[in-house]
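Participant: For reference, the structure I am asking about is given below.
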Amino acid sequence: MNKPVYILGISCFYHDSATVLLKDGQIVFASQEERFSRKKHDESFPKLAIEEALKHAGITAQDLDAVAFYEKPILKFFDRILQTTMKVWPRGFVQYHMAMQEWMPKKLWIPHIIRRELSYKGPIYYPSHHESHAASAFFCSGFPDAAVVTADGVGEWATTTIGHGKGKELKLLREIHYPHSLGLLYSAITYYLGFKVNSAEYKVMGLAPYGEPKYLEQMRKLIDVKPDGSFALDMKYFTYEYGLRMTGRSIEKLFGQPTRTPESPLEQFHKDIARSLQELTDEVMLNLARAAKELTGSRYLCLAGGVALNCVSNGKILRSGIFEDIFIQPASGDAGGALGAALMAWHGMMQGERLPRMEHVFFGKSYNQTEIEDFLTKNRIPSEKIPAVDLPKHVATLLQGENVIGWFQGRTEYGPRSLGNRSIIADARNPNNWKKVNLKIKFRESFRPFAPTVLEEKASEYFELDRESPFMLLVADTREKYRAEIPAVTHVDGSARIQTINRNQNALYYDLLKAFDEQTGCPVIINTSFNVRGEPIVESPQDAWNCFVHTHMDYLVLGQCIVDKKKLPPEWKRSSEEYLKKFLLD
């Protein structure tokens, strides 16, 4: 019998560090470091996640055949960072100083860090940043041939690429280089709107439907878009090449208002800016899609990179009909780079076989029923154990009305979305649940929308969507006749960020929705990530309990055990203030 081939993929030292373990090209473990460290967007070396990956597979680092890091650190530092700081010198001094203080000890010593932390002596593979993004999408798509578009802030030099995947081959054909970046443009406007860069871009996307594209013409002055998909930013409006801010006075003059102070009131102006930015992003991404089609002639499109998490643009690309189908990597940000790097090593070094299409993201750590019951017993937490066969119907009954439930099952999700194993769920028919979950449980802005989970077989009945959307990465309109029925997941513009579910992807979660549909006649529920604002998605039973007991959730379902908030001793109902202080509110 041949020895299995193990490849470990790593991304770290920018944001959302992660690790992925492949066994003979199949994903056996994938998780972000933040889930274990409890530090949101943790950028550090993913030591804890790697320990869990090796433990899950029952191996040690000495059993690894290769380690793959998601970018070329020397090229990034000596080429792009140093060239850029010299180009804008002396204004680039601050960036240079930061690079010498922070990047030099980490990025240039990555081989040493990997070997030291893992006691590993084997080969280390370094695909480029955007090769890693592209590989994470194409090699997981199941498409035999596809155009591949990646877009994010910046890798080594590339910020946007068009590539072509065919069989086991993947080539990047065109690149747009720093400082010209759609991701950084989006982050710059995020900064201008008073939100946190590399953390709150999704808030801008959620805010956009409340506005009108009144500033689209001014927004177009920021970027020159060409018919071949290329673009260039007008750098007089941006300061990220040389400063610690993304924008300055030029952009304030362009839009006629100063940069919003974080946490200050949101005015209609800010909503209109967000909408104008979204319209511009849609235009640029559609232009890139057309260029990719013309360049490759492929019927299918794969998307990755942080900009691919913009599900509004994704939905518009799909509805444009440019491609027959699209696949979007669910871990599109830097966390997904760990997967792409490992897949590049598998196909490039090992000439391995293709993965089947990625159908789910449940690749993290799990906790069995015995571990859950031991936790509840140790902490003297009163609970009721429900037979496994009865659990879906029982929880479906609890869901009806205004009850909000913390749902903790199976392996954790890889990527930024909770998709049915670490989720907060509620009845989409109740209009009060939108505000209740936002303000009393998530402790976040009231304008933020919630995604629906819908039975796959009924998705097209409720939404203007003609295919599956298992990763919550497509926005489509709720059909007019159902908007009043599911107001808690229908955004102000009539749209919804949809997750479809079938039984092969997650049997227990599917059975819960099926039971809810049978009881109520509605196949749709609210699904949002199991965490409070600024906290990583919960990982363990302890994390789930902490989040539950400090918020206004009504029930906690840990495996087969149900905790009823009403049955807890009064002294256990704690203030959320102390809990929230543990997390940096974004």
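A short reminder: the numbers here are calculations on the coordinates, not readings from a lab. This is a predicted model, so every value here is computed, not measured. Heads up, the Cβs are rebuilt from the backbone with ideal geometry, glycines too, and the neighbour counts pull from every protein chain shown.
Participant: Dipole of the stretch 369-580, Cα-centred, from +1 at each Lys and Arg C-beta and -1 at each Asp and Glu C-beta, to the nearest 20 debye? Please list the in-between numbers first.
Facilitator: Numbers: 28 positive and 30 negative charges, 97 e Å.
Roughly 460 debye for the stretch 369-580.
Participant: Another question, then. Can you work out the FRET efficiency for the pair D145 and R483, with r the C-beta to C-beta distance and R0 = 35 Å, to the nearest 0.05?
Facilitator: Details: r = 39 Å, r/R0 = 1.11.
Approximately 0.35, to the nearest 0.05.
Participant: Continuing with this model, one more query. Calculate one ³J(HN,Hα) per residue across the stretch 521-536 by plugging θ = phi - 60° into the Karplus curve 6.51 cos²θ - 1.76 cosθ + 1.60, and present them in order as whole Hz with x for glycine and proline.
Facilitator: The phi angles translate into x, 10, x, 10, 9, 6, 9, 9, 5, 7, 5, 9, 4, x, 9, x Hz.
Participant: Then there's this: Whole-Hz Karplus ³J(HN,Hα) for the stretch 150-162, in order, using 6.51 cos²θ - 1.76 cosθ + 1.60 and θ = phi - 60°, x for Gly and Pro?
Facilitator: Using θ = phi - 60°, the values come out as 10, 8, 8, x, 6, x, 6, 10, 5, 10, 8, 9, 10 Hz.
Participant: Further question: List the residues, sorted by chain then number, that are 5 or more residues from K582 or on another chain and whose placed amide H is less than 5 Å from its amide H.
Facilitator: none
Participant: Follow-up question, since we're still on this one. Could you work out the relative contact order of the stretch 369-580, using alpha carbon pairs under 8 angstrom and six or more residues apart, expressed as a whole percent? Present the calculation step by step, with values, prior to reporting the outcome.
Facilitator: Working: 399 pairs, mean separation 63.9, N = 212.
About 30 percent, as a whole number.
Participant: Looking only at the stretch 369-580, where both bridge partners belong to it, what percent of the DSSP beta bridges are antiparallel (to the nearest 5)?
Facilitator: 75
Participant: Where a ≥ b ≥ c are the square roots of the eigenvalues of the C-alpha gyration tensor, would you call the stretch 152-233 rounded, which needs a/c under 1.5, or, failing that, prolate if a/b is larger than b/c, or oblate?
Facilitator: Values: a/c = 2.10, a/b = 1.73, b/c = 1.22.
Prolate.
Participant: Dipole magnitude of the chain about its Cα centre, charges +1 at Lys/Arg Cβ and -1 at Asp/Glu Cβ only, in debye to the nearest 20? Display every interim value, and only then the final one.
Facilitator: Details: 73 positive and 71 negative charges, 207 e Å.
Taking the Cα centre of the chain as origin, the dipole is about 1000 debye.
Participant: In the stretch 320-406, which GluC sites (Glu not before Pro) fall in coil by DSSP and have 16 or fewer other Cβ atoms within 10 Å? All intermediate terms of the calculation are to be shown ahead of the outcome.
Facilitator: Values: sites: E324, E353, E359, E371, E373, E384, E402; in loops: E324, E353, E359, E402.
Those that pass, being in a loop and sparsely packed, are E324, E353, E359, E402.
Participant: Over 20 Å between Cα atoms, which of K203/K481; K196/K226; K171/K293; K47/K121; K440/K566 qualify?
Facilitator: Details: K203/K481 28 Å; K196/K226 30 Å; K171/K293 15 Å; K47/K121 17 Å; K440/K566 16 Å.
Beyond 20 Å: K203/K481; K196/K226.
Participant: Here is a follow-up. Can you tell which of Q369, P452, V437 lies farthest toward the positive end of the dipole of the stretch 369-580, using +1 and -1 charges on the Cβ of basic and acidic side chains (Lys, Arg; Asp, Glu)?
Facilitator: In the stretch 369-580, that residue is V437.
Participant: In terms of modelled amide H atoms, which long-range or inter-chain residues lie less than 5 Å from the amide H of K72?
Facilitator: Amide H to amide H, under 5 Å and 5 or more residues apart or across chains, K72 pairs with H129.
Participant: Using the per-residue mean of other Cβ atoms lying within 10 Å as a proxy for protection, in what order, highest first, do the peptides 473-482, 277-286 fall?
Facilitator: Values: 473-482: 19.4, 277-286: 21.9.
The densest-packed peptide leads the list: 277-286, 473-482.
Participant: Something else now. Positive end of the dipole of the chain, charges at C-beta (+1 Lys, Arg; -1 Asp, Glu), about the Cα centre: which of L301, I386, L216 has its Cα farthest in that direction?
Facilitator: Value: L216.
Participant: What is the gain in length, in nm to one decimal, between S250 and N432 on full extension, counting 0.36 nm per residue of separation less the C-alpha to C-alpha distance? Intermediate results must be reported in sequence, preceding the final value.
Facilitator: Values: separation 182, 0.36 × 182 = 65.52 nm, distance 4.21 nm.
Gain on stretching S250 to N432: 61.3 nm.
Participant: Right, something else. Based on the alpha-carbon gyration tensor of the stretch 369-580 and its eigenvalue square roots a ≥ b ≥ c, which shape applies: rounded if a/c is under 1.5, prolate if not and a/b is larger than b/c, or oblate? Before the final figure, lay out each step's value.
Facilitator: Values: a/c = 1.80, a/b = 1.44, b/c = 1.25.
Here the stretch 369-580 falls in the prolate category.
Participant: Mind ranking 326-332, 260-266 by how tightly packed they are, going by the mean number of other C-beta atoms within 10 angstrom, highest first? Walk me through the numbers before you get to the answer.
Facilitator: Numbers: 326-332: 27.3, 260-266: 11.9.
Ranked by mean Cβ neighbours within 10 Å, highest first: 326-332, 260-266.
Participant: Which whole-Hz couplings ³J(HN,Hα) result when phi for each residue of the stretch 140-146 is put into the Karplus expression 6.51 cos²θ - 1.76 cosθ + 1.60, θ = phi - 60°, listed in order with x for Gly and Pro?
Facilitator: So the J values, rounded to whole Hz, are 9, 7, x, 6, x, 8, 7.
Participant: Mind listing the long-range amide H neighbours of A451? Cut-off is under 5 Å, sequence gap 5 or more, other chains count too, H placed in the peptide plane at 1.01 Å from N.
Facilitator: HN-HN under 5 Å from A451: N527.
Participant: Continuing with this model, one more query. For the chain, what does the helix formula give at 222 nm: sum of -39500 (n - 2.57) over DSSP H segments with n ≥ 4, over the residue count, nearest 500 deg cm²/dmol?
Facilitator: Value at 222 nm, helices only, nearest 500: -9500 deg cm²/dmol.
Participant: With viscosity set to 0.692 mPa s at 37 °C, what whole-number translational diffusion coefficient in µm²/s follows for the chain from Stokes-Einstein and a Kirkwood radius over Cα pairs? Walk me through the numbers on the way to the answer.
Facilitator: Values: Rh = 24.4 Å.
This corresponds to a translational diffusion coefficient of 134 µm²/s.
Participant: Using the beta-carbon distance between D390 and E212 and R0 = 56 Å, what value does 1/(1 + (r/R0)^6) give for FRET efficiency, to the nearest 0.05? Display every interim value, and only then the final one.
Facilitator: Details: r = 50 Å, r/R0 = 0.89.
It comes to 0.65.
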